[in-house]
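The values are calculated or read from the model by the stated rules, or taken from the named source; none is laboratory data. Computed from a predicted model, the values in this text were never measured in an experiment. FYI the Cβ positions are ideal-geometry reconstructions off the backbone, even for glycines, and counts take in every protein chain you see. Ligands, DNA and RNA are excluded from the accessible area calculation, which covers all protein heavy atoms including side chains. Shrake-Rupley method; radii C 1.70, N 1.55, O 1.52, S 1.80 Å.
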Amino acid sequence: MSTVLSPSQWTVAEARSLTSRLRHTAVAGPEYDALELFGALTDYLDELYGGAGFDRLLPEPERTALAGRIRAARGHGVPMDLSTTEGESRLDQPVNAAVTLAEGRVLAAELAAQSDWQGELGRCLQALYTYLDQLYGGPGAFTELLTPDEVTEVAAG
């Protein structure tokens, strides 16, 4: 079982604690957007974990089992309709008020190139995207949030 959000040096618990505290320091700009995105993605993983709370990266075979439930909820491998009921692209679906999933990947890469806590935050976000990609089926596969009903189905496991 791993708790480090590699390539960052922070563990899941450290990252969650630090980002929560940093939200009161960085109140605007890309850093704030990244902190909000990190919180939204970890909250999403909390839901997918079925209420157990996202405090670690799942080891095999638990990761494979969760990935299977996610693929099943997404439509048994059928290519997804990337539009929502409102007609917007799910890829452009906001994770929070300021950042979409697609924009979040770019933001993570930009921050990861920096030093200090901004770089660690960027690397943590990259680790979350990589982890979610694995759960969704491979590199670049995390392009949409599951619907609330799909999240419930996955979490019920």
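Taking amide hydrogens as modeled 1.01 Å from N in the peptide plane, which residues meet the under 5 Å criterion relative to PHE54, leaving out close sequence neighbours?
Here the answer is ASP46, since their amide H atoms fall under 5 Å of that of PHE54.
What ³J(HN,Hα) values, in whole Hz, does the Karplus curve 6.51 cos²θ - 1.76 cosθ + 1.60 give for region 122-134 when θ = phi - 60°, with x put for Gly and Pro?
Karplus-based 3J(HN,Hα) across region 122-134 equals x, 5, 5, 4, 4, 5, 5, 4, 4, 5, 5, 4, 4 Hz.
Show me, for region 55-69, the HN-Hα J-couplings you get by feeding each phi into the Karplus relation (A = 6.51, B = -1.76, C = 1.60, θ = phi - 60°), rounded to Hz, glycine and proline as x.
10, 7, 7, 5, x, 5, x, 4, 5, 5, 5, 5, 4, x, 5
Could you tell me the extents of region 112-157's C-alpha atoms along the three principal axes, largest first, rounded to whole Å?
40, 19, 16
I'd like the accessible area for LEU45, computed on protein heavy atoms only with a 1.4 Å probe and all protein chains in place. Round to 10 Å², please.
Here the residue's solvent-accessible area equals roughly 0 Å².
May I have the pair-distance distribution P(r) for region 1-60, computed from all Cα-Cα distances with 5 Å bins from 0 and rounded to whole percent?
For region 1-60, the pair-distance distribution reads 4, 19, 24, 27, 16, 7, 2, 1.
Starting from the amide H of THR11, placed 1.01 Å from N in the peptide plane, find each other amide H under 5 Å away whose residue is 5 or more places distant or on another chain.
Under 5 Å from the amide H of THR11: LEU5.
Computed FRET efficiency, Cβ-Cβ of ARG56 and TRP117, R0 22 Å: what is it to the nearest 0.05?
E(calc), rounded to 0.05, equals 0.50.
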